1. Take the conditions of a type in the set (K, R) and crowded, with 21+ Cβ neighbours inside 10 Å and apply them to K236. Does it pass?
2. Identify, from the list I243, I217, the residue that is modelled with pLDDT of 95 or more, within 12 Å of the ligand (Cβ to nearest atom), within 22 Å of K52 (Cα to Cα) and not in a helix (DSSP H, G or I).
3. When you scan segment 34-55, do you find a residue that is hydroxyl-bearing (S, T, Y), in contact (Cβ under 8 Å) with a residue 24 or more places away in the chain, in a loop (DSSP other than H, G, I, E, B) and within 12 Å of the ligand (Cβ to nearest atom), even just one?
4. Could you list, in sequence order, the residues of segment 110-136 that are over 27 Å from P324 (Cβ atoms) and more than 16 Å from the ligand (Cβ to nearest atom)?
5. Within segment 118-130, is there a residue that is in contact with a Gly (Cβ under 8 Å, 6 or more places away or on another chain) and not small (G, A, S)?
6. Only one of L89, L28 is under 28 Å from L165 (Cβ atoms), at pLDDT 95 or above and among the hydrophobic types (A, V, I, L, M, F, W, C); which?
7. Pairs only if they're at least six apart or on different chains, beta carbon under 7 angstrom, first in segment 183-201 and within 9 Å of the ligand (Cβ to nearest atom) and modelled with pLDDT of 95 or more, second open to solvent by 10 Å² or more (accessible area, probe 1.4 Å) and of a type in the set (K, R); list them, first residue then second.
8. Would it be correct to say that H78 is within 16 Å of the ligand (Cβ to nearest atom) and in contact with a strand residue (DSSP E or B) (Cβ under 8 Å, 6 or more places away or on another chain)?
Amino acid sequence: MHLSRFPRLRFAHLPTPLEPLSRLSEVLGGPTIWIKRDDCTGLAGGGNKTRKLEFLMADAVEKGADTIITQGATQTNHGRQTAAIAAKLGLECHVLLEDRTASEDPDYVLNGNVLLDQLFEAKLTTYPGGTDMNAAMEAVAETLRAEGKKPYIVPGGGSNAIGALGYANCALELVSQANDQGLKIDHLVTATGSAGTQAGLVTGLCAINSQIPLLGIGVRVPQQQQEDNVFALAEKTCALLGIEGVVKRSDVQANCDYVGDGYGIPAESTLEAISLFARYEGILLDPVYSGKGAAGLVGLIRSGTFRKDENIVFLHTGGAQALPGYREVFGFDSSIK
Ligand SMILES: *Cc1c(COP(=O)(O)O)cnc(C)c1O
């Protein structure tokens with residue numbers, strides 16, 4: 001696996017830190033928890049889409065694009081990071097927002113990532129939940145082509161084989177850091193949604209035969225569907241890298257017991273995980289992804305899934321920029337004086 005064969009723009013702040021969470025480990029009384037800080041990738045507040053965009057934007061630039069089109073939920077972190085790098089590269093950016101939660105809370109609809117998208121001067125359009133967003137992006141691309149523009153479509157979450165290269169690279173980075181620090185990683189845990197992060201990681205981990213088990217904590221669809229999506233994308237990523245067959249179906253493991261009522265709706269366990277990370281580690285999680293991923297980590301530690309002498313790395317995928325969009329769900333005192 002040789003990633004320099006692929007076009008890449010270098011704008012992420014890498015390597016991201018790998019740090020112990022000693023207070024949280026102590027409070028939970030389980031294994032030693034480490035955190036890989038991909039919330040600190042440097043672009044517009046950071047997050048996991050930045051590593052994918054290094055490869056995707058390089059492809060767009062190489063193909064002569066002048067306009068980027070992408071899509072996500074209203075509070076998409078992917079949209080925010082795409083809008084930011086498009087601004088830096090001088091490209092027009094269209095972000096199509098799918099209303100997946102039907103929330104009418106003005107904070108949700110206008111604050112958080114939406115405010116930041118507007119600062120980056122992304123062109124925002126909204127679509128009802130359940131819209132075929134790939135077809136919607138194609139339709140926008142068609143209109144732009146008719147105007148003489150050269151649009152490039154970045155899939156939702158940046159999750160195709162090109163984007164997943166960013167997480168194959170993250171797997172190399174993480175294992176190399178662990179080797180340098182003398183850290184033996186027993187399990188890697190992360191949130192999994194549009195699948196690019198987990199697919200890229202499992203590809204990288206298997207390509208170097210790290211034997212580190214990876215567990216994705218689902219945020220949307222049931223386990224079987226999530227694992228199938230991740231495996232399908234891992235196979236495409238392997239094909240792109242010329243290492244077909246390196247990832248086995250059994251290497252792809254997801255736990256989807258922490259989704260709660262649905263995508264973008266925080267469960268009790270999500271809010272508790274956000275509170276634990278904030279209170280004991282000063283680390284911000286988000287209510288859609290990393291909060292659910294961390295809820296899975298906490299739940300599995302409490303149920304004794306990991307041994308006390310093990311080291312668990314939690315990959316923090318970012319997302320805190322969505323927090324102001326979710327002010328209401330925290331139910332804090334609004335009468336502070
Ligand atoms: C997109 C996102 C994820 C999920 O990553 P995928 O590659 O889509 O599976 C996790 N956490 C945050 C904060 C995200 O924005």
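1. Working: of a type in the set (K, R): yes; crowded, with 21+ Cβ neighbours inside 10 Å: no.
For K236, the condition - of a type in the set (K, R) and crowded, with 21+ Cβ neighbours inside 10 Å - is not met.
2. Values: I243 fails: within 12 Å of the ligand (Cβ to nearest atom).
Unique residue meeting the criteria: I217.
3. Checking segment 34-55: at least one residue is hydroxyl-bearing (S, T, Y), in contact (Cβ under 8 Å) with a residue 24 or more places away in the chain, in a loop (DSSP other than H, G, I, E, B) and within 12 Å of the ligand (Cβ to nearest atom).
4. D132, A135
5. no
6. Unique residue meeting the criteria: L89.
7. Sorted first by the residue in segment 183-201, then by its partner, the pairs are G193/R220.
8. yes
The values are calculated or read from the model by the stated rules, or taken from the named source; none is laboratory data. These figures come from a predicted structure and were not determined experimentally. As a convention, Cβ positions derive from the backbone with ideal geometry for all residues, glycine included, and neighbour counts pool all protein chains shown. In case anyone asks, the SASA skips ligands and DNA or RNA and just uses the protein heavy atoms, side chains included. Shrake-Rupley method; radii C 1.70, N 1.55, O 1.52, S 1.80 Å.
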